[in-house]
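Here is the structure we will look at.
The values are calculated or read from the model by the stated rules, or taken from the named source; none is laboratory data. Predicted, not measured: the structure shown is a model, and the values here were computed from it. Every residue, glycine as well, gets a Cβ built from its backbone with ideal geometry; the counts of neighbours run over all protein chains shown. Only protein heavy atoms, including side chains, enter the accessible area calculation; ligands, DNA and RNA are left aside. Shrake-Rupley method; radii C 1.70, N 1.55, O 1.52, S 1.80 Å.
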Amino acid sequence: MPFVRREVRTLGGRWNDTLSWYAKGVGALKQKPLTAPDSWWFLGAMHGFHPVVWTQFGIITDSTPLPADAVQVKFWEQCQHQTWYFLPWHRGYLYAVEEILRTAIVDLGGPDDWALPYWNYSGDGPDARVLPEEFAEPNLPDGSNNPLFVEQRYGDGSLPITIDPAAVALTALNDTIFTGGTSDIPPGFGGPVTTFHHGPENRTTNGGLESLPHNIVHSLVGGAKPGTDPNQWWNAGLMSIPITAGLDPIFWLHHANIDRLWTLWSSMSGHANPVDPTKPGNRDWLDGPADRRFVMPLSGGREWSFSAKDVLDTRAQPLDYEYDDQTPPVVSSRMAERLTTLSRQTVSLTGGSVEEAAVSDTKQPEMIGASEPDVAIAGQTQVRVSLDAGGIAPLRKSLARAATAAADTATTQEPPRVFLKLEGIRGTADAAVYHVYVNLPADKDPKDHPERRAGIVSLFGVSASSSPDGPSAGSGINQVFEITPIVDALHLSGDELQTLDVRFVPSNAATEAARIEVGRLSVFKMGE
C-alpha cells in the first residue's frame, strides 16, 4: 500500500503522532554534520547555499567543515525555479527527504508507515490559513527545544502567522496548459521551457502554481524581522529566500501541498502534462534536462537519479505515496464565462479605424503597450501603461463581436486574451508581496475592488536574481498576470482602452518599506 500524506489539521490533537515523530526526525537530522548527505543541513543546502548568508544566520561558522567541492557541485544549489522542471524536481526532492526522515524515525522506534503531512492553507475556514501551532512553539510538551520552531520566521510581524486568503487562491488550477508560451504568454501551469535552471536566468517567469500560492506563501510565512530594513537580506526569514528556505521545517509541508496541487491538476479534465513524446519539445521535458539527470541522496549512503518522466505517477515505485484527498475541484470554463459576460452589453464602437481593423489570425502573443523603462516602486505606486492604437482596435472589435457570438451556441471562438507582464523586477526585499491592480477607481480603497486586482506578486528570489554576480547577472525576475476579465469589464464600461493605470499596493509594513525597480510593464494580447 502506498504511504499516505495527510492534511496537517486532520491528524488529531496537538502534537499528534505524525507531528511528534516529525519533530523527532528533524531533531535527529539536525544532530548530523553538514557533510553528511542525510543531515538536515545538507538537505537544506540542496535547495540553496551561500556561506556568507548561512554564517550571518548562525547556521554555520567560519570553521564548519564543508563537503568536497565535487559533492557540492553534484548535490547543492539544485532547486529548479522559473522553469517547467519546478514541479518534477521538487517532487523528487520531497521524496528523498521524506525517505531519509522515515528511516530516521524508524531508527528512533517510530512507525514504518510515517509520511510527510501537508498544509492545505487554501482549505475551508480561517484556521486553515494559520501556521500550525506546533511550528510556533519554542518548546516541545516535555520542555525540550522544538526542532520545528525557527526564530527566523516572522510573517507580517503579528502572531499567529496567518495568510491572506487572496494569497492562497487556486486560480492556477484553471490553467489548461502546462508549458509557458512565447514570451511567457501565458506562463502556463508548470512554467517556461528551460534547460537545467537553478535560479532566474534571462528573466524567466514563474509558472502559475509557482507564482500563486507557492511564492506568496514563502514570503508571507518567512517575512522580514519587524522594525528592521526589509531591503537587507539578513533581516529576512528563512522561508523568504531560496538560499535558506529548505532549513525551515514548514517548508516541507508547504511543498507537499504544492505537490498535491500538481496531482489534482493532472487529474482534471482537459489538463495534461507534456507527456506525449510525439509533440515537439515534450521529450526534452520527459528526459531532461539535456545535460544531466537530477540526483538526490537517500538513506544508507544511496543515491537516486531521475528525470521528469520518473515522477509522473506518485503511486509507482520508487515514490509510492498518495494524498488523503485527491479529488480535483470543479472549475468553470473561462471562455463560457467570458462570452456570457460580454453578451450582457453591446458596446457601440465609433471610428472607422475600429470597424475596419483587421483581426489577427495568429495565436502568438503580440505586445500592444508598455510603460516607460526602469520604474521605481516605493510604497503604493501607480504606473501608466500606454496602449498602441493599432493593437487595441482589433481587440475592441473582437470584444464587441463576442456580444453576438455568445448567443450562438455553436461558437467556439474566444476573443483575444490579455496579459500584463512585469519585466525585470529587481531589488533585495525577498519578503515583499504586492497586490497589483489595474485602473482602480480614483480615491477608492483597493480592498473594496478585488475585481480590479490583476494578481499578487512575491519577490521570493529577487535578491539573487538582482545580483550582478548571480546566475542572471542582475536581470531580475518576471511576473505575468492574465488581465482578460479586467479588460473585458473596462470594455463594457465604454473605456477606450488607450491607457492602463497599474497600481502596486504593499501587502504589509515590510513591503511598504521595500524599494524595488521594474524594468518595464508591458501588455500582450493573444488570439484573434
| query | Could you work out the helix-only [θ] at 222 nm for the chain, with each DSSP H run of four or more residues adding -39,500 (n - 2.57) and the total divided by the number of residues, to the nearest 500 deg cm²/dmol? | reply | -7500 deg cm²/dmol
| request: List the residues whose amide H sits under 5 Å from the amide H of residue 387, counting only those 5 or more places along or on another chain, with H placed 1.01 Å from N in the peptide plane. | output: 499, 500
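If you average the sequence gap of Cα pairs under 8 Å that are 6 or more apart and divide by the length of the chain, what percent do you get for the contact order? If you can, show how the numbers build up before the last one.
Numbers: 1116 pairs, mean separation 96.4, N = 528.
That works out to 18 percent.
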| said: Can you tell me what percent of all Cα-Cα pairs in the chain are more than 43 Å apart? | reply: 17
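Where a ≥ b ≥ c are the square roots of the eigenvalues of the C-alpha gyration tensor, would you call segment 46-196 rounded, which needs a/c under 1.5, or, failing that, prolate if a/b is larger than b/c, or oblate?
On the way: a/c = 1.60, a/b = 1.16, b/c = 1.39.
Cα axes put segment 46-196 in the oblate bin.
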| field | segment 138-144 - phi-based ³J(HN,Hα) in whole Hz, Karplus 6.51/-1.76/1.60, Gly and Pro as x | value | x, 10, 6, x, 7, x, 7
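What order do you get for 62-75, 21-34, 239-252, 123-136 when each peptide is scored by the mean count of other beta carbon atoms within 10 Å, highest first?
My ranking of the peptides, most packed first, is 239-252, 21-34, 123-136, 62-75.
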| field | Percent RCO, i.e. relative contact order, over segment 376-528, from Cα pairs under 8 Å lying at least 6 residues apart | value | 45
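Going by a ≥ b ≥ c, the root eigenvalues of the Cα gyration tensor, does segment 159-235 fall in the rounded group (a/c under 1.5), the prolate group (a/b larger than b/c) or the oblate group? Could you put the intermediate results ahead of the total?
Numbers: a/c = 3.45, a/b = 1.55, b/c = 2.23.
Judged from the Cα gyration tensor, segment 159-235 comes out oblate (a/c at least 1.5, b/c at or above a/b).
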| field | Average accessible area per residue (Å²) across the chain - probe 1.4 Å, nucleic acids and ligands excluded | value | 40
| query | Over segment 70-139, what relative contact order in percent results from Cα pairs under 8 Å that are six or more residues apart? | reply | 13
| Phi-based couplings in Hz for segment 36-41 (Karplus 6.51, -1.76, 1.60; Gly and Pro marked x) | 7, x, 9, 8, 4, 6
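Rounded if a/c is under 1.5, else prolate if a/b is larger than b/c, else oblate: which is segment 442-528, with a ≥ b ≥ c the root eigenvalues of its Cα gyration tensor? Don't jump to the answer; show the numbers that get you there.
Working: a/c = 2.82, a/b = 1.56, b/c = 1.81.
It is oblate, given that a/c is not under 1.5 and a/b is not larger than b/c.
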| query | Running Debye on segment 245-293 with equal point scatterers at the Cα sites and no solvent, what base-10 log of I(q)/I(0) appears at q = 0.20, 0.24, 0.25, 0.31 Å⁻¹? | reply | -0.85, -0.90, -0.90, -0.99
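Taking all protein chains in place and a 1.4 Å probe, what share, in percent, of the accessible surface of the chain do carbon and sulfur account for?
Numbers: 10690 of 21330 Å².
About 50 percent, which is the carbon plus sulfur part of the accessible surface.
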